[in-house]
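Trainee: Pasting in a structure now, in structure tokens, and then I'll have a few things to ask.
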Amino acid sequence: MRIGVLVLLASVSASSAFAANIKPGPSETDYLFQCSATFIINAHELKDSGKSPKIQAKAAEYDSKFNKLAARARSSFEENRRTKAEASAYLQKHVDTMSVLFAKEPEVMKRFVQQCDTRYQDTL
């Protein structure tokens, strides 16, 4: 019986120490903002890359995806009692950060676009 209690106490103390070292991943709200930023950056890249009707239609599609996802992101912020101004600033922060990243590594933008398209394909 004592061994069982000791094992239980040891596992509880070890699991709390382990849990203290775990950092949370991005929340669904963060994904909304990251993908919104990705979509608007992609839309601008497409608009700047060519004048063909096909490319411009794709740019308009990503602009529309941005508008829908950004509205959801802002609503998510408001649900957590944050203001529209805070949501806009948070979105702009993501756009600025991701623009720098994508400029340095264009392949990363392609992966983000694919992941965001997949993540939100049923909701946009």
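The values are calculated or read from the model by the stated rules, or taken from the named source; none is laboratory data. Small disclaimer: the values here were computed from a predicted structure and weren't measured. Here Cβ is always computed from backbone atoms with ideal geometry, including for glycine, and neighbour counts include all displayed protein chains. Keep in mind that these areas ignore ligands, DNA and RNA; they rest on the heavy atoms of the full protein, side chains included. Shrake-Rupley method; radii C 1.70, N 1.55, O 1.52, S 1.80 Å.
Trainee: Under the 0.36 nm per residue contour assumption, what length would be gained going from the current alpha-carbon distance of Val108 and Ala85 to full extension?
Mentor: Residue separation times 0.36 nm, minus the Cα-Cα distance, leaves 5.4 nm.
Trainee: Output the peptides 73-83, 58-68 sorted from most to least packed, where packing is the average of other Cβ atoms within 10 Å over each peptide's residues.
Mentor: Most protected by this proxy first, the peptides run 58-68, 73-83.
Trainee: Just need the relative contact order of region 24-124 here, percent rounded to a whole number, with Cα pairs under 8 Å and 6+ apart.
Mentor: 36
Trainee: So, in nm, how far is label Ser75 from label Gln92 when the simple model puts each one 7 Å beyond its Cα toward the Cβ?
Mentor: For Ser75 paired with Gln92, the spin-label model returns 2.4 nm.
Trainee: Please calculate the 1.4 Å probe accessible area of Val100, with all protein chains present, and give it to the nearest 10 Å².
Mentor: Answer for Val100: close to 80 Å² accessible.
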